[in-house]
Amino acid sequence: MTHPAAPSPTATAPAGIPEYPMARASGCPFDPPPALRALQTEGRISRVRLWDGSTPWLVTRYDDERALLSDPCISSDNTHPGYPHVSAGALERRKRAPTFINMDDPDHARLRRMVTARFAIKRVEALRPAIQRIVDELIDAMLTAPKPVDLVEEFALPVPSRVICELLGVPYADHGFFQSNSRILVKRDTSPKAAGEAIDKLVHYLESLVTEKLAHPGDDLLSKLAVEQVATGEISTRVAAAMGTLLLTAGHETTANMIALGTLALLQHPDQLAALRETGDPGLIASAVEELLRYLSIVHTGRRRVALADIDFGDVVIRAGDGVILANDAANRDTSVFPDPDRLDIDRGTRQHLAFGFGVHQCLGQPLARVELQVVYATLYRRIPTLRLAVDLDQLPFKSDGLVYGVYKLPVTW
Amino acid sequence: MRISVDQDKCIASGMCVLAVPEVFDQREEDGIVILRTDVPPPELREAAREAAASCPSWAITVTES
Ligand code: HEM
Ligand code: SF4
């Protein structure tokens, strides 16, 4: 490891503590790592070792994770010395562009509420026709392109990128710039230097956009922030730009992975794909989206927190200052909540998964992600009914090294 | 049964609106929860209980009477 371990009271813990995150089993790209499932069966809490040598707690069961994620003694503040950082790059991002995802209330609530209106259910529902148009246009283009097509590049990335650009007021023409820089940020092995450069570029770009919106406001979210928060002195241009960067990066990477990996999972489950293709029932489509969110749990490196006070937890006491990781991917396969959890069942009909997290940091963009995925899953397989993989499953490059799981490429044909 | 909401706790997730739009709505200006009725009709009571249990910030309280 090239970066020195953060000072931690437990850095000298005995060997034998498993490394986290763990590796998935080969040939099982959709299932959480076997070693993680083993810890879930063995007990409620254990220590794991991270990239920097620190040894935070790991919690893997659904009820425990929900309880801790809504415990006021559990903090998302990643400037806290005990915070279990996901990578050296993520630490660098926080230093340069802090956002509410890593703040506690009241700061978190104050900043989050500046942007929540646009993500309300009715506001997002009103975007459905525009999202449908984007999806249809991209499918039209794919149908005339030479085969095979990389579904990631030609469809999965452009859909959410265009949508979040329209919502924020970012020119889609700049997608090459922001996609490549956010790709650097979501890789775990990105060096602090590379992460720092990528985040600086994105924030500078957003700063100039916010400044532009101050002079010529439109109807988009960045204009709203510029006029209502920056012009009034409530927040600085820099804080608005950092928030814009968070929305832009979180708004396209995650949904893009759900589109590509979701398609792959459905292609590997032809009966489920057929049921989805043939249904006209919006309820079944919505249920399929929830089930794929649960089954794939693409945000697969756990929710990261630090304890602010001692917490009694079964046989152990989580001490103030201890790092805590809540493995929401494992919770989404907890047999006590989801019967036969390893089965993909698009008709499961439950929204109780932790794919969007839980507690005050639960995903801000979830209503938007839901509508995007509903439109995609209801349209793509109906319009291209013979869609299939153009390579073998074992040739696909999976994002095992990503903060968000998925595939780097998905060559398809029909 | 009576429902009450704590707007200070609400994070505007929209989960309750998805579950029972007849009972829950969101404020125009910031997406924070508002009640369309605090006494749900019998056929919506079970769904309202589930909405309370799935609220990520425990902002919904159900009082059975
Ligand atoms: C399928 C797609 C998505 C998944 C699986 C996902 C997942 C998550 C998760 C697990 C969290 C919780 C973080 C934590 O607890 O520390 C989160 C937070 C967040 N997500 Fe998403 N997300 C998705 C789409 C989106 C979209 C489309 C946006 C659009 C802007 C977005 C914006 C955010 C923001 C701003 C937060 C921070 C919320 C806070 O700290 O209060 N996400 N997301
Ligand atoms: S489910 Fe809870 S947090 Fe979400 S909008 Fe309703 S009251 Fe607010």
Rounded to whole angstrom, the alpha-carbon centroid of segment A:232-281 lies from that of segment A:400-414 at a distance of 13
For the protein assembly as shown, the percent of accessible surface on carbon and sulfur atoms (probe 1.4 angstrom, ligands and nucleic acids excluded) is 54
Flagged as over-length at 23 Å C-alpha distance, from A:LYS122/A:LYS187; A:LYS95/A:LYS224; A:LYS213/B:LYS9; A:LYS147/A:LYS409, the pairs are A:LYS122/A:LYS187; A:LYS95/A:LYS224; A:LYS213/B:LYS9
For A:VAL391, A:VAL376, the accessible-area ranking with a 1.4 Å probe, largest leading, is A:VAL391, A:VAL376
Helix B:42-54: inclination vs chain B longest Cα principal axis, degrees, rounded to 10, gives 40
Among the DSSP H helices of chain A, those whose Cα atoms extend at least 18 Å along the helix axis and whose mean Kyte-Doolittle hydropathy is 0.5 or higher are A:237-267, A:282-296
Ordered by number, the chymotrypsin sites (Phe, Trp or Tyr not before Pro) in segment A:375-408 that occupy a DSSP loop and have at most 16 other Cβ atoms within 10 Å are A:TYR408
Counting sequence-distant residues (5 or more places) and residues on other chains, those with an amide H built under 5 Å from that of A:VAL324 are A:TRP57, A:ARG305, A:VAL306, A:ALA307
Largest fluctuation, A:CYS363, A:CYS73, A:CYS28 only, Gaussian network model of chain A with Cα springs under 10 angstrom, belongs to A:CYS28
From DSSP H assignment alone, runs of 4+ in the protein assembly as shown each adding -39500 (n - 2.57), the sum over residues rounded to the nearest 500 puts [θ] at 222 nm at -13000 deg cm²/dmol
Within chain A, the percent of DSSP beta bridges that are antiparallel, given to the nearest 5, stands at 80
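The values are calculated or read from the model by the stated rules, or taken from the named source; none is laboratory data. Just so we're clear, the structure is a prediction, and the values are computed from it rather than from any experiment. No Cβ is skipped: glycine too gets one built from the backbone with ideal geometry, and neighbour counts run over all protein chains shown. Note: areas computed on protein heavy atoms with side chains; ligands, DNA, RNA excluded. Shrake-Rupley method; radii C 1.70, N 1.55, O 1.52, S 1.80 Å.
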